[in-house]
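See below for the structure under consideration.
Any read-out appearing in this document is the output of simple, stated calculations on the displayed coordinates, not a laboratory observation. All figures in this text were calculated on a predicted structure; none of them were measured in a lab. Here the Cβ positions follow ideal geometry from the backbone for every residue, glycine too, while neighbour counts run over all protein chains shown.
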Amino acid sequence: MRLSDRARTLPESGIRKFFELAEARDDVISLGVGEPDFSAPWSARTAAIDSLERGKTSYTANRGMAALRERIADHHERYAQSYDPAEEVLVTTGASEAVDLAFRALVDPGDTVAVHEPTYISYGPGIELAGGERLTVPTRAADDFALTRESLEAAGAADADLLVCCYPNNPTGATMTDEELAEVAAFCRDNEIRVVADEIYAALTYGEDHASIATQPGMRERTVVVNGFSKAYAMTGLRLGYALGPTEAIDAMNRIHQYTMLSAPTTPQYAAIEALDRCDGEVAEMVEEYNRRRRLVVSRFNEMGLDTFEPGGAFYAFPECGGDDEAFAEELLEAQGVAVVPGSVFGEGGEGHLRVSYATSMRELKEATDRIAAFVEGR
Amino acid sequence: MDAEREVLDVLARNAREDIDDIAAQTGLDAAAVADAIDALEADGVVHGYQAVVDWDRVDEGKIRAVVEINVELDRETGYEQVADRIAKFPAVDALHLVSGDYDFAVEVLGENMQDVSEFISEQVAPMPAVTQTVTHYIMETYKDGGIRFEDGDDDDRLSVSP
C-alpha cells in the first residue's frame, strides 16, 4: 500500500534497537525501563473493577468526567497551580495525547518549536506531525541539565514560537527550581514564546517540591501544562493523562480531541478518581522507596568512577560513561547482561551518558550495579 | 526525617540490608548508620531480626493458632501479671492485649494441632485468671509481615521503554 510521505519519513525511535537487543536475551537485568515497577494502588484498581461491574462502559464527556476534572484541579493546588475544572482541564488518553493535542492546537506549519535536549523522545516527531520545525536547545552536564537563558539564546530560541519544557526530566532526572525557571520564563515573556510544560514526573521529586514554569508571573496565559497518572500512580497501561491551560488553548485541544479520541477511556477515569481521593499515602511510600534506590544508585555509580550528578526527580540517574555511549551500552549488555539506554538516544547533550532507570527492585539494582562495576573495571 | 527513622524504614523492609547499603540508601555515613542501629536496639525500638517464613512449605513445618483469651482480674492480678505469665511459655509467639470481645490475642506456634491443643488446655486454660479460651487454627496464610505468600509476579514490562 502506498504510504504517506509523513509516515514514511518519520524516523524509527533510537530506543527500538536496544529493546530488540535486550529482548533477544532472557538473562537480562533491565535498567532501561521507563515506567514504575509498582502496580497501581489496589484501591484504584478495585475502583476500576467496581465501575465495570456497575456497567460503566459508555463514553464520558469529551473533556473527561466532571468529578475527575474537579479532583485534578484540587490536586494541582499543591503545585500552586489554579485551573477551573469546567473550562481549563482536559482529560486525555495518556499524557502523550495531551502533548500531541497541544502541538496540533498551538503549532502552525513552519512554526519553530524549541526543545531542550536530552529529553523524552516523542516531542520531535510530534512537532513534525503538527508541521512545526524543531529547534534543539542542548542543556549541559555542567548545569546539571537545567535549561538556562544562555543555552536558549545560544541556540537561537529567541525566534521560537513555542518551547517544550520537561522537568523533572526524562532521561536525566534533572529538576528546576523556581529561581532557574524565572530566567526561562523571562526569556519566554521577552520573546513572546508559548510553552508546553510536560510535568508528568511532578509527583516524583526528592527534596524540593516540584516547581512549575506555569506559576511564574505572566506564564499561566501562555502555558499548557501536561500531566497524568502513569508515573505517580503507576498506571502507565491505563493510559490516562490531562492538560491544564487557559480556556482558549483547552477549548482548541478539546475540539481536536472530540474528533480524534472522543473521550479518554472510562474505566481508568474511575481508577483516577479513587487515586486522587485516597492514594496519596501510597504515592508517598513509592517516592520514599524510589528515593532510597536513587541514593544507592547514584553513590554506586560515583564509586565506580562514572560521574553522576544527583537527580532531583523522576526515576532516572544519568551517569557519564565517556566516549561512545552506544558502544558502552551494547558491550555492557553483551558482557554482563545489563540493559541501560545510551544517552544519545535522547538527543544532543546526551552523548557520553547512560540513562539508568531505578524503577526496579533494590535487589536487582544491587546486582546490576555490581555487574556494571565489574564491566567498568575490566574495560 | 531523622537518621534513626530513615534506618528503621530500611530495616523494616529488609532486615538483611548491610550497613554500607543502608548508608547508600539513606545518604548517611556508615558510622552514623551503625550508631542509629545501636540506639534503636538500646531503646527497645528494634527487638530482633527474623525471617518471614511460610511454614506450610517446610517439611515437618509448624502449625500456628490465634487464641482468644478472656481473663478475670482481681486486686493482686492485673493485665500485666497475666501477660507476664502467658508470655513466658516458649510456644507463645506473640501476645497482644486487645480491645473488643476478649482480652488477649495470643499467637501460638506448635509442631501440630495436638501440641497446640494440649498447651492451651493444660497450661493456659487452668491459669486462675483465665476464664475462657477460643482457639483458631490458621488454615492458610496469604500474607505475613507485609509480604504476600505467592510465587513472585513476573515482571511483564517491556525490557526497554522510553
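Tell me what the protein assembly as shown gives for mean residue ellipticity at 222 nm when only DSSP H runs of n ≥ 4 count, each as -39,500 (n - 2.57), the sum divided by the residue total, rounded to 500 deg cm²/dmol.
Values: 18 runs with 202 residues, N = 541.
The helix contribution divided over the protein assembly as shown gives -11500 deg cm²/dmol.
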In Å, what is the Rg of the alpha-carbon atoms in the protein assembly as shown, and how long is Dmax? 27.9, 95
Take the Cα coordinates of region B:55-144, assign each an equal point scatterer, and use the Debye formula without solvent to give log10 I(q)/I(0) at q = 0.26 Å⁻¹. -1.44
Top mean-square fluctuation among B:R64, B:R75, B:R85, Gaussian network model of chain B, C-alpha springs under 10 Å? B:R75
How far is the Cα center of region A:1-74 from the Cα center of region B:88-162, in Å? 41
From a point 7 Å beyond the Cα of B:A34 in the direction of its Cβ, which residues of region B:1-27 have a backbone N at a distance under 12 Å? B:19-20
Highest GNM mean-square fluctuation among A:D280, A:D198, A:D27, for chain A with Cα springs under 10 Å, belongs to A:D27
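So for region B:11-107, averaging the separation of alpha carbon pairs under 8 Å that are six or more residues apart and normalising by length, what relative contact order in percent results?
Details: 65 pairs, mean separation 19.7, N = 97.
Taking the mean separation of contacting Cα pairs over the length of region B:11-107, I get 20 percent.
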Taking other Cβ within 10 Å of each residue's Cβ, how do A:R2, A:R355, A:R78 sort, fewest first? A:R2, A:R78, A:R355
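Suppose a student asked you for the relative contact order of chain A, using Cα pairs under 8 Å spaced at least 6 residues apart; what percent would you report?
Rounded, it is 25 percent for chain A.
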How tilted is helix B:30-42 with respect to the longest principal axis of chain B? Cα atoms for both, answer in degrees (0 to 90, nearest 10). 10
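If neighbour count is taken as other Cβ atoms inside 10 Å, put A:L68, A:L10, A:L106 in order from fewest to most.
Numbers: A:L68 26, A:L10 14, A:L106 22.
Result, fewest neighbours first: A:L10, A:L106, A:L68.
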Can you give me the relative contact order of region B:61-123 as a percent, contacts being Cα pairs under 8 Å and 6 or more apart? 44
Any lysines with Cα under 26 Å of the B:K62 Cα? List them, leaving off those in the same chain fewer than 8 positions away. B:K88, B:K143
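Counting other beta carbons within 10 Å of each Cβ, put B:V116, A:V89 in order, fewest first. Intermediate values should be presented prior to the final figure.
Working: B:V116 21, A:V89 25.
So the ranking, lowest neighbour count to highest, is B:V116, A:V89.
Would region A:339-379 count as rounded, prolate or oblate if I go by the C-alpha gyration tensor, calling it rounded below 1.5 in a/c and otherwise prolate when a/b exceeds b/c, oblate otherwise? Walk me through the numbers before you get to the answer.
Working: a/c = 4.06, a/b = 1.43, b/c = 2.84.
In terms of gyration-tensor shape, oblate.
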Projecting the Cα atoms of A:T369, A:T60, A:F328 onto the charge dipole of chain A, where Lys and Arg contribute +1 and Asp and Glu -1 at Cβ, the residue farthest towards the positive end is A:T60
Quotient of Cα Rg and 2.2 N^0.38 Å for region B:3-42, N being how many residues it contains: 0.96
Only Lys, Arg (+1) and Asp, Glu (-1) charged, at Cβ; region A:57-278 dipole about Cα centre in debye: 800
Once the dipole of chain A is set up from charges on Cβ (+1 Lys and Arg, -1 Asp and Glu), the residue from the list A:G156, A:N302, A:M261 lying farthest towards its positive end is A:M261
For B:E107, placing the label point 7 angstrom along Cα-to-beta-carbon and taking region B:121-139, residues whose amide nitrogen sits under 13 Å are B:138
When the charge dipole of region B:1-138 is computed with +1 on Lys and Arg Cβ and -1 on Asp and Glu Cβ about the Cα centre, the Cα farthest towards its positive end, among B:A15, B:H96, B:H136, belongs to B:H136
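Applying 1/(1 + (r/R0)^6) with R0 = 41 Å to the Cβ-Cβ distance of A:F38 and B:H47, what FRET efficiency is obtained, to the nearest 0.05?
Numbers: r = 30 Å, r/R0 = 0.72.
The calculated FRET efficiency here is 0.90.
Assuming 0.36 nm per residue, please report the length gained on full extension of the stretch B:N70 to B:R57 beyond their Cα-Cα distance.
On the way: separation 13, 0.36 × 13 = 4.68 nm, distance 3.28 nm.
Additional length available on full extension: 1.4 nm.
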Using a Förster radius of 45 Å, what is the FRET efficiency between A:E153 and B:A15 based on their Cβ-Cβ separation? Nearest 0.05, please. 0.25
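What is the magnitude of the charge dipole of the protein assembly as shown about its Cα centre, with +1 placed on the Cβ of each Lys and Arg, -1 on the Cβ of each Asp and Glu, and no other charges, expressed in debye to the nearest 20? Show your work: numbers first, answer last.
Values: 47 positive and 104 negative charges, 398 e Å.
The calculation lands at about 1920 debye.
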